[in-house]
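Data block below; observations after.
None of the figures in this text is laboratory data; all of them are computed from the coordinates on show. Since we're looking at a predicted model, the values are computed, not measured. Note: ideal-geometry Cβ built from the backbone for every residue, glycine included; neighbour counts use all protein chains shown.
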Amino acid sequence: MKRELTKILNLPEVIVKAKKEIEESLVLEVESQSKTAFCPRCQKVSHRLHQNHWHLIKDLPWGEKEVFLRINRRQFKCDYCSKPFSEELNFVEKKQKYTKRYARFVTQEVVNSDLLSVAKRHNLTEDQVVSMIN
Ligand SMILES: [Zn+2]
């Protein structure tokens, strides 16, 4: 089941650990496959987990259901410079609340439709939709 969901999700960096359905939404708890991260300052690999930071990231809908990924963007501590840093996740920009592929999907819909109807269909504000287009 979890393996199936991981396959369907198709984000190679993560595996699905749990699934929760909340009304019309699906929340998938995902975990990074990697046990390590690279310090952006020294480019050295770190194994030292510093803190956990959970985020809810919106992803492509599955049929009628909105999908949210609950992910831990872990903070590591570098052994060389001793500074903490957050791991990179390739499928989501830093500080964003949605995946890159979802932003592309929404952008494509705006091209073929208009801002307001796309916002409504996706349960987003027009400002959120604008922030996804770049
Ligand atoms: Zn470092």
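Kindly indicate the residue of segment 68-103 that is in contact (Cβ under 8 Å) with a residue 12 or more places away in the chain, among the charged types (D, E, K, R) and more than 19 Å from LYS44 (Cβ to Cβ) and also farthest from the ligand (Cβ to nearest atom) among those meeting that condition.
Here is the first cut: in segment 68-103, the residues in contact (Cβ under 8 Å) with a residue 12 or more places away in the chain are 68-81, 83-92, 96-99, 101-103.
From the residues that got through so far, the ones that are among the charged types (D, E, K, R) too are 70, 73-74, 77, 79, 83, 87-88, 97, 101.
Then drop every residue that is not more than 19 Å from LYS44 (Cβ to Cβ), which leaves 70, 73, 97, 101.
Details: ARG70: 28, ARG73: 17, LYS97: 28, ARG101: 30 Å.
Of everything passing the filter in segment 68-103, ARG101 is farthest from the ligand (Cβ to nearest atom).
With respect to PHE68, determine if the residue is over 13 Å from the mean Cα position of the chain (by Cα) and surrounded by 15 or more Cβ atoms within 10 Å (Cβ to Cβ). Before you say what the answer is, go through the steps one by one.
Numbers: over 13 Å from the mean Cα position of the chain (by Cα): no; surrounded by 15 or more Cβ atoms within 10 Å (Cβ to Cβ): yes.
It is false that PHE68 is over 13 Å from the mean Cα position of the chain (by Cα) and surrounded by 15 or more Cβ atoms within 10 Å (Cβ to Cβ).
Which of the residues that make up segment 93-122 are touching a Leu at 6+ places or on another chain (Cβ under 9 Å), of a type in the set (D, E, K, R) and either assigned to a helix (DSSP H, G or I) or more than 19 Å from LEU9 (Cα to Cα) (or both)?
ARG101
Which ones in segment 17-45 are of a type outside the set (Val, Ile, Thr) and not in a strand (DSSP E or B)? Even if it seems obvious, please write down each step before you answer.
Pass one, segment 17-45, residues of a type outside the set (Val, Ile, Thr): 17-21, 23-26, 28-29, 31-35, 37-44.
Matches in segment 17-45: GLU23, GLU24, GLN33, SER34, LYS35, CYS39, PRO40, ARG41, CYS42, GLN43, LYS44.
Please work out if VAL129 is away from the ligand (no atom under 14 Å from the Cβ), within 20 Å of the chain's Cα centre (by Cα), surrounded by 16 or more Cβ atoms within 10 Å (Cβ to Cβ) and in contact (Cβ under 8 Å) with a residue 12 or more places away in the chain.
Values: away from the ligand (no atom under 14 Å from the Cβ): yes; within 20 Å of the chain's Cα centre (by Cα): yes; surrounded by 16 or more Cβ atoms within 10 Å (Cβ to Cβ): yes; in contact (Cβ under 8 Å) with a residue 12 or more places away in the chain: yes.
For VAL129, the condition - away from the ligand (no atom under 14 Å from the Cβ), within 20 Å of the chain's Cα centre (by Cα), surrounded by 16 or more Cβ atoms within 10 Å (Cβ to Cβ) and in contact (Cβ under 8 Å) with a residue 12 or more places away in the chain - is met.
Considering ARG104, ARG73, which residue is under 18 Å from the mean Cα position of the chain (by Cα) and loosely packed, with under 14 Cβ neighbours inside 10 Å?
Details: ARG73 fails: loosely packed, with under 14 Cβ neighbours inside 10 Å.
Of ARG104, ARG73, the one residue that is under 18 Å from the mean Cα position of the chain (by Cα) and loosely packed, with under 14 Cβ neighbours inside 10 Å is ARG104.
Here's a check for you: in segment 29-50, which residue that is surrounded by fewer than 12 Cβ atoms within 10 Å (Cβ to Cβ) and more than 16 Å from the ligand (Cβ to nearest atom) is farthest from LYS77 (Cα to Cα)?
That would be GLN33.
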